[in-house]
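S.K.: Okay, here's the structure, questions in a sec.
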Amino acid sequence: MRARLLRSSLLASAVAVLLVGLPLVIVGAMLLNRQGHEELDEHAFAVHVAALGSRGEPFDTLRRRVVAMLDEPGYAGQMHLEVRGTGESLDVGPPTMGAVWTRVVTGSGVTVRASLPQSAVWSQVARLAAVVLGLSVVAFVAAGLAALMQARRLVSALAVLADNADRIGQGSSRLLPVHSGVAELDRVAAGLQRSADSMAAALAAERQFASDASHQLRTPLTALSMRLEEISTSTSLSQVREEARVALHQVERLTTVVDSLLSRVRRGRGTAVPVELRTLLTQQLEEWSPAFAGRGRRLVLVPHEPVVVLATPSALSQVLATLIENSLKHGAGTATITARRTGGSAVVEVTDEGHGVPSSIGARVFERSVSSAGSTGLGLALARDLAEADGGRLELLRARPPVFALFLNAAEPAG
């Protein structure tokens, strides 16, 4: 794009230079030609008058007057003057060569012939053309430098905007600042920032929802657990029946809470749309490969047939990024991403060559605050919430070596 902007600016500058410089040279040539003819006429008449007025005076007096006329500025110094009919012939000025303009004035027995080489005029035209050409080159270079600076500024701003758009598409809300000085580009940057902020707010709301769901489910589950413990230790049939009745009431209450939470999820989550997995996975590969390379590791995407799933793009990007980041932080060796379609579902698996998930936390790896490396443990829990919000699920298929599988609803490819 930078080259296109530079070419268009230079082309516009070249056209402007031609439209101004060429007419200027043409008009200048016409004026210089007119000036040459006018000076030739003036000097021929002036010498004729001087010759008539010098009758009866020494011949040297006329010569001095004519020589003085040739010392005047303009083309006079390049003219050749001949005077006849004054008793003696007078020839003053440099000899003429090549094509010449001639003016002859005759009267009262005196003839004056004034000659001016055309090369004298055309040399002035050439000087004018050289000056115009020099100024044109300076203007062209200045326009090129200005276009280059403007192109660099625009291309740099557009590159940042494209990168920010990719970040939003991959589910990231951290955008690079854009200060282009171009109102239109700055408005686009502001729009992308608003989109990123909205996405961040949506993710924050989902995190808050998960926290609320945990709090709302904990109480009925605790009560239900207590009732079941009572049933398991009771020997009285009537007491078992009573505890069972209460337990069923707790189950109904739990069902109501779950229905309420699911309704809230459906109202508040993003809209699931067809998403091509290969494109999204390739974006993740490009984003995370440098980080893996920095640790002497590789991130590999196994080639696969096109798979289209129904998901919220930002949420799906967040889930995939969480799995890849989890492998980067806690895994070892080559991390491999595979994707395939199985019936009406699609499966994305992320695995590596590390020691895997410790057996002590294997069953609780998706719980909040559960981590094998002292981190917050929120990543996998949030990833599972996001997957389930789109009707999918996230599971640990194998602990050693670790295999995390993301199950999604498949969609038919467009077209």
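S.K.: Taking amide H positions as placed 1.01 Å from N in the peptide plane, with prolines and chain starts having none, which residues 5 or more places from ALA311, or on another chain, fall under 5 Å of its amide H?
M.R.: The answer is VAL273, VAL275.
S.K.: Whole-Hz Karplus ³J(HN,Hα) for segment 330-346, in order, using 6.51 cos²θ - 1.76 cosθ + 1.60 and θ = phi - 60°, x for Gly and Pro?
M.R.: 10, x, 8, x, 7, 9, 10, 10, 10, 9, 7, 10, 10, x, x, 10, 10
S.K.: Just subtract the alpha-carbon distance of GLU395 and VAL100 from 0.36 nm times their residue separation and send over the number in nm, one decimal.
M.R.: Extra length from GLU395 to VAL100 when fully extended: 96.1 nm.
S.K.: Rg to Rh for segment 1-96: what is it, with Cα atoms only and Rh by Kirkwood?
M.R.: Using Cα coordinates only, the ratio equals 1.42.
S.K.: Right, another one. So for the pair LEU221, SER360, with labels modelled 7 Å out along Cα→Cβ, what separation do we get in nm?
M.R.: Between LEU221 and SER360, the label points sit 2.2 nm apart.
S.K.: Between GLU276 and PHE140, how many nm apart are label points set 7 Å from Cα along the C-beta direction?
M.R.: 4.5 nm
S.K.: So with the 1.4 Å probe, I'd like the accessible area per residue for segment 6-117, rounded to whole Å².
M.R.: Working: 6270 Å² over 112 residues.
Roughly 56 Å² per residue, with all protein chains present.
S.K.: Starting from the Cα gyration tensor of segment 139-196, take the square roots of the eigenvalues, sort them a ≥ b ≥ c, and report rounded, prolate or oblate (rounded when a/c is under 1.5, otherwise prolate if a/b is larger than b/c, else oblate).
M.R.: Prolate shape, in that a/c is at least 1.5 and a/b is the bigger ratio.
S.K.: For segment 99-175, compute Rg over Rh where Rg is the Cα radius of gyration and Rh is the Kirkwood radius from the inverse mean 1/r over Cα pairs. Display every interim value, and only then the final one.
M.R.: Numbers: Rg = 31.9 Å, Rh = 18.8 Å.
Here Rg/Rh amounts to 1.70.
S.K.: Oh, and also: Hey, got the Cα dimensions of segment 274-409 along the principal axes, in Å, largest first?
M.R.: That works out to 37, 31, 23 Å along the principal axes.
S.K.: Mind jotting down the three principal axis lengths of segment 272-330 based on Cα atoms? Whole angstrom, largest first.
M.R.: Taking max minus min along each principal axis of the Cα atoms, segment 272-330 gives 36, 22, 15 Å.
S.K.: Which cross-chain or sequence-distant (5 or more) residues have an amide H under 5 Å from the amide H of THR336, H modelled 1.01 Å from N in plane?
M.R.: When sequence neighbours closer than 5 places are left aside, the close amide H contacts are VAL300, THR351, ASP352.
The values are calculated or read from the model by the stated rules, or taken from the named source; none is laboratory data. None of the values given here were measured: they were computed from a predicted structure. Positions of Cβ are backbone-derived with ideal geometry, glycine not excepted, and every protein chain shown enters the neighbour counts. The accessibility values were calculated without ligands, DNA or RNA, using every heavy atom of the protein model including side chains. Shrake-Rupley method; radii C 1.70, N 1.55, O 1.52, S 1.80 Å.
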